[in-house]
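Throughout, read-outs are computed from the coordinates displayed, never taken from laboratory work. Model, not experiment: these values are computed from the prediction. For neighbour counting, all protein chains shown are included, and Cβ atoms are generated from backbone atoms with ideal geometry for every residue, glycine included.
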Amino acid sequence: MLKKLSHSNFMIPAIVALSILATSIGFYISLKQSQNRLEQNNIVQSLFWPNPKEIVDFTTKDHNGDLFGLEQISEKWTFIFFGYTNCPDICPITMSVMTDAYQALIDEYKNIQIIFVTVDPDRDNIDKLKSYVSFFDPDIVGLYEKPTTENSLTKQIGVAHYNNKEDGKYIVDHSASIFIIDPKMRLVSKISPPHKSDEIIEKFKKIKRFIDEKS
């Protein structure tokens, strides 16, 4: 009788402990699944998904005066920022942050590039563009697009900008977002400001992982 009682006294706490452990494991799994769903939802919110816009053929000039078109963005992850060289604050800050992110990513991801598209072609000539983008990193591409450029990236991505040319020292109002085109030449994401290099890196890795899984 004593042996049976002793055995029962041992089994009851063990069963309770196992039950608590099983409940804890179930709760942990459920929590991780919820976190994964939340993370995926956050990624999707910054994506043009499931219908990303395909970039169609275009031809413009880069900061070296060479022709630049669809071929130059094919098979690459392209970060695009629209700005102008006389921009007093947003452009140099964003370009610096993008450069930091690029330099941190390039060793691991060889097929990434940064493109700076001027929204002020009247003042940003080829030489000025070259000097501007080279200041940040020699790998950055500067693009010169006129308003009349057919199928320009500015038009295809839908970037609005406005300037008041009554004053010779005018400023240009423009988007501060960073746009991402994937290697299949699809506009897949927009990263809204404020920008931090570590956040751009993290978002890019998550976006790439998501797109790779869906492809």
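Okay, here's what the table says:
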{"quantity": "Residues of type lysines that Lys169 reaches as a straight line, Cα spacing below 23 Å, ignoring anything fewer than 8 places off in the same chain", "calculated": "Lys128, Lys130, Lys146"}
{"quantity": "Coil-residue GluC sites (Glu not before Pro) of the stretch 145-215, DSSP, other Cβ within 10 Å capped at 16", "calculated": "Glu150, Glu166"}
{"quantity": "Reach of Lys53 by Cα under 20 Å, taken over lysines that are not fewer than 8 positions away in the same chain", "calculated": "Lys76, Lys155, Lys184, Lys190, Lys203, Lys206, Lys208, Lys214"}
{"quantity": "Amide H contacts of Val117 (H built 1.01 Å from N, under 5 Å, at least 5 apart or other chain)", "calculated": "Phe81, Phe82, Gly83, Leu143"}
{"quantity": "Cα gyration tensor shape of the stretch 86-143, rounded if a/c is under 1.5, else prolate or oblate by comparing a/b with b/c", "calculated": "prolate"}
{"quantity": "Shape of the stretch 138-215, Cα gyration tensor, a/c cut at 1.5", "calculated": "prolate"}
{"quantity": "DSSP-loop trypsin sites (Lys or Arg not before Pro) across the stretch 141-215, with at most 14 other Cβ within 10 angstrom", "calculated": "Lys165, Lys169, Lys184, Lys196"}
{"quantity": "FRET efficiency for Lys169 and Thr148, using Cβ-Cβ distance with R0 set to 22 Å, rounded to 0.05", "calculated": "0.35"}
{"quantity": "Ranked list, fewest to most other Cβ atoms within 10 Å of each Cβ, for Tyr144, Tyr84", "calculated": "Tyr144, Tyr84"}
{"quantity": "Kirkwood hydrodynamic radius (C-alpha pairs) into Stokes-Einstein, the stretch 53-214, 4 °C and 1.567 mPa s, D in µm²/s", "calculated": "81 µm²/s"}
